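The values are calculated or read from the model by the stated rules, or taken from the named source; none is laboratory data. Computed from a prediction, not measured in an experiment: that's the story for all the values here. Cβ: placed from backbone, ideal geometry, glycine included. Neighbour counts: every protein chain shown.
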Amino acid sequence: KYLQESVVTEECKKLILSLPTEKDWVANNLHQYQGFWHTARHLQAVLVCQRHFQAEDSDILLVTTPKSGTTWLKAIVFALMNRDQYRNNNDHPLLSENPHVLVPFLEIRLYIDGRVADFTKFTSPRLFGTHIPFSSLPETVKNSPCKLVYLCRNPKDTFVSIWHFTNKLREKGVGMGTNSLEWSFDKFTRGVSLNGPFWDHVLEYWKESLENPERVLFLKYEDMKEQPKVQVSKLAKFLGRPFSLEEETNGVLDGILKLCSFENLSNLEVNKTGKLDTGEDFNAFFRQGEVGDAKNHLTPQMIEKLDQITQEKLHGYGLKF
Ligand code: A3P
């Protein structure tokens, strides 16, 4: 699938000729469109999405940069919003379906490869995932009161997670050797990663969350790990579905956290053996699910460089990791 340049329309190919281009981490190239890097396949989908997606006021968009905990966020919000319907965890859809199937990506699934997205099966409120930067979101999303939940993760762990993930795709998906840590680090720090520059992506949503806190909720992966109850309660309140005292007493929130935990999801048969219809194995989305793994891979110089970029780009806006 990663080698399918043919799915890209002539219009997109023409646009690509005018865009800065660099080698992708998996295969083919990345192209910088509206300031952010996309593969041709994803760029094509972003263009169609920008043109065709009609936001509804009640929509909920779950936004991340790749490897920031998207799978986890999708599971939690799905469980949260559907908690009355699936009181009994034994027949919960999350036990038999991967979160990316239950909460599809706009550009990576619904609009991919020239698909005409079918929204007829969605019930309100509709849940979508996306990696599209704020400035490139479809106008109907920007002009709608729909809710955006942004989950970000510290750049060091995010980078290490992308490095592992893309190497897995290279080895299994396209039968190519792995990228060295140094090669990947150079790309990431120059901003050349899928939907990167990482820092610009985060900053756009951070600013938006400060300006419009009722529209954009900004969460951190590390806070979710440290204080899951506090963060998920905040999320529920933001989405207009706060946990009642009765629910808290009855362990509904605890049940959701357990259902969506790394241990539970990663050990389910569907997530061990299943595959997305866009090609990726579900198990590629589960590796360790821990905070701080970067220190096991990066040199002190690499850590210093990432901290320095984060300081330069984000600290001035009050965003620290
Ligand atoms: P690691 O590679 O550090 O383990 P995404 O879902 O955005 O693709 O991000 C994947 C990262 O989230 C991986 O990080 C993965 O292990 C972690 N992850 C997946 N499911 C998780 C869960 N239920 N809880 C916490 N982390 C999870």
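Looking only at the stretch 284-321, filter to residues that are surrounded by 14 or more Cβ atoms within 10 Å (Cβ to Cβ) and at pLDDT below 95; which one of those is farthest from H201 (Cα to Cα)? Among them, the one singled out is A284.
The number of residues in the stretch 86-133 being surrounded by 19 or more Cβ atoms within 10 Å (Cβ to Cβ) and in a helix (DSSP H, G or I) comes to 9.
Given the options N179, N154, name the one that is at pLDDT 95 or above and either hydroxyl-bearing (S, T, Y) or more than 14 Å from the chain's Cα centre (by Cα) (or both).
Values: N154 fails: either hydroxyl-bearing (S, T, Y) or more than 14 Å from the chain's Cα centre (by Cα) (or both).
Matching residue, one of N179, N154: N179.
Of the listed requirements (1) touching a Ser or Thr at 6+ places or on another chain (Cβ under 7 Å); (2) free of Cβ contacts under 8 Å to residues at least 24 places away in the same chain, K142 misses just one: (1).
Each residue in the stretch 273-304 was checked for being within 15 Å of the ligand (Cβ to nearest atom) and assigned to a helix (DSSP H, G or I), and 8 of them qualify. Does the stretch 40-50 include one or more residues that are buried (at least 20 other Cβ atoms within 10 Å of the Cβ) and part of a loop (DSSP other than H, G, I, E, B)? For the stretch 40-50, residues buried (at least 20 other Cβ atoms within 10 Å of the Cβ) and part of a loop (DSSP other than H, G, I, E, B): absent.
Hey, among the residues in the stretch 240-267 that are part of a loop (DSSP other than H, G, I, E, B) and in contact with a Ser or Thr (Cβ under 8 Å, 6 or more places away or on another chain), which one's surrounded by the fewest Cβ atoms within 10 Å (Cβ to Cβ)? Talk me through it step by step, then tell me what you get.
Looking only at the stretch 240-267, we keep the residues that are part of a loop (DSSP other than H, G, I, E, B), and these are 240-244, 250-251, 260-261, 267.
From the residues that got through so far, the ones that are in contact with a Ser or Thr (Cβ under 8 Å, 6 or more places away or on another chain) too are 242-243.
Details: P242: 13, F243: 19.
If we take residues in the stretch 240-267 being part of a loop (DSSP other than H, G, I, E, B) and in contact with a Ser or Thr (Cβ under 8 Å, 6 or more places away or on another chain), then P242 is surrounded by the fewest Cβ atoms within 10 Å (Cβ to Cβ).
Checking the conditions here, which among A75, A55, A79, A27 is closer than 30 Å to D223 by Cβ and in a loop (DSSP other than H, G, I, E, B)? Talk me through it step by step, then tell me what you get.
Numbers: A75 fails: in a loop (DSSP other than H, G, I, E, B); A79 fails: in a loop (DSSP other than H, G, I, E, B); A27 fails: closer than 30 Å to D223 by Cβ.
Of A75, A55, A79, A27, the one residue that is closer than 30 Å to D223 by Cβ and in a loop (DSSP other than H, G, I, E, B) is A55.
Of the candidates S193, S244, S266, the single residue that is in contact (Cβ under 8 Å) with a residue 24 or more places away in the chain and either within 16 Å of the ligand (Cβ to nearest atom) or touching a helix residue (DSSP H, G or I) at 6+ places or on another chain (Cβ under 9 Å) (or both) is S193. Scanning the stretch 202-222 for residues that are assigned to a helix (DSSP H, G or I) and surrounded by 14 or more Cβ atoms within 10 Å (Cβ to Cβ) yields a total of 10. When you scan the stretch 52-73, do you find a residue that is within 18 Å of L102 (Cα to Cα), away from the ligand (no atom under 16 Å from the Cβ) and touching a Ser or Thr at 6+ places or on another chain (Cβ under 8 Å), even just one? Yes; the residues of the stretch 52-73 include at least one that is within 18 Å of L102 (Cα to Cα), away from the ligand (no atom under 16 Å from the Cβ) and touching a Ser or Thr at 6+ places or on another chain (Cβ under 8 Å).
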